[in-house]
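Asks: The following block contains the structure, expressed as structure tokens.
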Amino acid sequence: MKIGWDTSHLEFTIADYYYFGKLSDLLLNSGFLVNEVKDFDTLNRYDTIVFNYPEKPFNDAEVNKIDSWVRQGKVVIFAGYYKNEDGVGENINGITKHFGLTLNLSEALDQSSEDPYFVNVVSRTGLRGVFPCTDTVSGGEAILTSKVGNVGCQIKLGMGKLVLLGSCVFWDSFSLHLADNATIATKLLAGEEI
């Protein structure tokens with residue numbers, strides 16, 4: 001499984017050892033090949049394409065390319081953050097609205113959690129995770145739910161799918177070990193159902 005981790009839109013980099021070293025190690029030890037990709041036009045070489053906290057907006061040509069990649073069988077994952085920090089939610093919605101998925105540009109607080117910013121989530125297959133500093137998401141098919149709303153959804157197009165996640169830090173080095181987050185991360189990146 002080849003993963004292209006985009007950096008052409010100023011995303012958090014998987015090579016950042018402090019924030020994503022544990023995810024990088026988990027993926028390499030699980031047989032994934034992960035590359036940071038600075039050239040957007042080369043992302044089509046990968047099975048899974050990740051946009052993790054894109055700080056730069058997408059243009060119409062990029063929307064069309066992402067649509068084409070999904071229809072050809074790619075898994076494309078967008079991961080946001082709460083409160084539209086750095087305009088990331090608007091940047092993501094600029095793409096995902098074309099597919100019927102949106103970040104709600106909200107601040108999800110789970111009052112049943114020890115820390116309300118750490119939202120307890122459940123996947124369709126029963127995996128339990130913790131999404132810190134998450135937004136809620138709308139549209140498509142819910143894949144991760146919580147007491148405060150959906151925090152993960154997807155839309156299948158052609159042979160692929162586009163996934164929208166409310167949190168870009170559930171798989172960082174501080175949260176990857178929480179509940180089933182590591183399993184959720186690897187299954188999402190492998191294109192498996194959760």
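The values are calculated or read from the model by the stated rules, or taken from the named source; none is laboratory data. Note that this is a predicted model, so its numbers are computed, not measured. FYI the Cβ positions are ideal-geometry reconstructions off the backbone, even for glycines, and counts take in every protein chain you see. SASA here: full protein model, heavy atoms, side chains in, ligands and nucleic acids out. Shrake-Rupley method; radii C 1.70, N 1.55, O 1.52, S 1.80 Å.
Asks: If DNA, RNA and ligands are ignored and the probe is 1.4 Å, what is the ranking of D25, D60 by accessible area, most exposed first?
Replies: The residues order as D60, D25, largest area first.
Asks: Which order do T183, T125, T96 take by accessible area at a 1.4 Å probe, largest first?
Replies: Order by accessible area, largest first: T125, T183, T96.
Asks: Right, something else. Would you list the P(r) distribution for the chain, with all Cα-Cα distances sorted into 10 Å bins from 0 and each bin expressed as a whole %?
Replies: Result returned by the calculation: 10, 41, 40, 9, 0.
Asks: Under a cut-off of 14 Å between alpha-carbon atoms, report the aspartates and glutamates in cross-link reach of K161, not counting same-chain residues fewer than 8 places apart.
Replies: Of all the aspartates and glutamates, those that pass the test against K161 - Cα under 14 Å, at least 8 places apart if same chain - are D47, D67, E141, E192, E193.
Asks: Quote to one decimal, in nm, the extra length available between N35 and A61 on full extension: 0.36 nm per residue of separation minus the C-alpha distance between them.
Replies: 7.1 nm
Asks: While we're looking at this one, here's another question. Tally Lys and Arg at +1 and Asp and Glu at -1 over the other residues with C-beta under 15 Å from the C-beta of L109: what net charge comes out?
Replies: Neighbourhood net charge equals -3.
Asks: Just to be sure I understand the model, the point goes 7 Å from the Cα along the line to the Cβ. What's the resulting D25 to S113 distance in nm?
Replies: Output for this residue pair reads 2.4 nm.
Asks: At 0.36 nm per residue, minus the direct Cα-Cα distance, what do T42 and E192 gain on full extension? Give it in nm, one decimal, please.
Replies: My answer for the length gained is 51.7 nm.
Asks: Averaged per residue, what accessible area in Å² does segment 1-60 show with a 1.4 Å probe, protein chains only?
Replies: Heavy-atom accessible area per residue stands at 51 Å².
Asks: Order the following by accessible area, largest value first: E11, E55. Probe radius 1.4 Å; ligands, DNA and RNA are ignored.
Replies: E55, E11
Asks: How much of the DSSP beta bridge set in the chain is antiparallel, as a percent to the nearest 5?
Replies: Antiparallel bridges: around 55 percent, rounded to the nearest 5.
Asks: In segment 1-74, how does Rg compare with the Kirkwood Rh, expressed as the Rg/Rh ratio over alpha carbon atoms? Present the calculation step by step, with values, prior to reporting the outcome.
Replies: Values: Rg = 12.5 Å, Rh = 12.8 Å.
Rg/Rh for segment 1-74 comes to 0.98.
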